[in-house]
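Here is the structure we will look at.
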Amino acid sequence: MLPVILRTERLELSIPGADDIDAIFAACQDPEIQKYTTIPAPYERTHAEEFITRVAKNWDEGTEVTWALRADGVLAGVASVFGLTEKAPIGEIGYWMAPGMRRRGLLGEAITAIASYALSPGGLGLRRLQWRAIAGNRASAAAAARAGFRFEGTLRAALPDRGTQRDGWVAAILDDDERMPQDWAVLAD
Ligand SMILES: CC(C)(COP(=O)(O)OP(=O)(O)OC[C@H]1O[C@@H](n2cnc3c(N)ncnc32)[C@H](O)[C@@H]1OP(=O)(O)O)[C@@H](O)C(=O)NCCC(=O)NCCS
């Protein structure tokens, strides 16, 4: 499958390439990204180089689609839909934002555009777009809730985290769900 470019009010989403390696390497030093994603830790420059190669291969094979989120040409973050197979029209979203680019609603714009692409027949044609996070990742959860993901529950000891298993929150949007901000009880306090 050929890489697709998506656009939002403030972002262009396009495949990350060799020019992004420095920015990805720098961002992935962030403790929050290391805490809440499965990137290697410590994160070396070679990991960013391998990531770029893998992203191109995954687009080609249609197993995972990954975008660099660019604000005025600067890499603000990275987001993917992964777990794509021909067996079932489902996929899962994952993302991180560079520390200096957070809390501007940029990720929200990106999630909305990605969900729309993932769930439309002219895009990935998914029936279900899933989101999971380590329980307590309130920033990720707030972004997913605002984009319309419905909270579905807590998965006990479901998510691997550097040699241990953590409880996970799970949520999803279906193709025929209204894309409206949701109130999640776990975010109430
Ligand atoms: C999760 C992450 C991508 C959010 O990025 P962001 O740029 O802050 O996202 P947005 O600006 O679009 O904000 C999204 C929502 O989260 C809220 N939020 C952001 N940081 C927060 C925090 N630390 N605690 C609680 N809420 C937070 C924002 O207020 C916003 O909610 P609102 O729209 O209801 O006001 C970013 O914090 C990050 O990269 N974290 C580390 C990696 C990670 O956790 N990835 C997700 C793994 S599942």
| request: Would you be able to say whether some residue in segment 103-125 is charged (D, E, K, R), within 11 Å of the ligand (Cβ to nearest atom), in contact with a helix residue (DSSP H, G or I) (Cβ under 6 Å, 6 or more places away or on another chain) and at pLDDT 95 or above? | output: no
| said: Any residue that is under 16 Å from residue 185 (Cβ atoms), away from the ligand (no atom under 12 Å from the Cβ) and more than 15 Å from the chain's Cα centre (by Cα) - is there at least one of those in segment 134-149? | reply: no
| query | With (1) within 15 Å of the ligand (Cβ to nearest atom); (2) of a type outside the set (Gly, Ala, Ser); (3) crowded, with 16+ Cβ neighbours inside 10 Å as the list, and residue 74 as the residue in question, which single condition is left unmet? | reply | (3)
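Looking only at segment 35-51, count how many residues are surrounded by 16 or more Cβ atoms within 10 Å (Cβ to Cβ) and either out of contact with any Ser or Thr (no Cβ under 7 Å at 6 or more places or on another chain) or over 22 Å from residue 163 (Cα atoms) (or both). First the steps, then the outcome.
Let us first name the residues in segment 35-51 that are surrounded by 16 or more Cβ atoms within 10 Å (Cβ to Cβ), namely 36-37, 39, 43, 47-48, 51.
Subset that is either out of contact with any Ser or Thr (no Cβ under 7 Å at 6 or more places or on another chain) or over 22 Å from residue 163 (Cα atoms) (or both): 37, 39, 43, 47-48, 51.
The total comes to 6.
Take segment 23-34 and flag every residue that is part of a helix (DSSP H, G or I) and surrounded by 12 or more Cβ atoms within 10 Å (Cβ to Cβ).
So in segment 23-34, the residues part of a helix (DSSP H, G or I) come out as 23-27, 31-34.
Residues satisfying the conditions are 23, 24, 25, 26, 27, 32, 33, 34.
Can you name every residue in segment 85-94 that is near the ligand (Cβ under 10 Å from one of its atoms) and surrounded by fewer than 23 Cβ atoms within 10 Å (Cβ to Cβ)? Before you say what the answer is, go through the steps one by one.
Going residue by residue through segment 85-94, those that are near the ligand (Cβ under 10 Å from one of its atoms) are 92-94.
Once the filter is applied, which keeps residues that are near the ligand (Cβ under 10 Å from one of its atoms) and surrounded by fewer than 23 Cβ atoms within 10 Å (Cβ to Cβ), segment 85-94 yields 92, 94.
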| remark: Of those in segment 154-186 that are touching a residue at least 60 places away in the same chain (Cβ under 8 Å) and not in a strand (DSSP E or B), the residue surrounded by the most Cβ atoms within 10 Å (Cβ to Cβ) is 179
| request: Confirm whether residue 68 is of a type in the set (Gly, Ala, Ser), buried (at least 21 other Cβ atoms within 10 Å of the Cβ) and within 12 Å of the ligand (Cβ to nearest atom). | output: no
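The values are calculated or read from the model by the stated rules, or taken from the named source; none is laboratory data. Just so it is clear, the model here is predicted, and its values are computed rather than measured. Backbone-built Cβ (ideal geometry, glycine too); neighbour counts: all protein chains shown.
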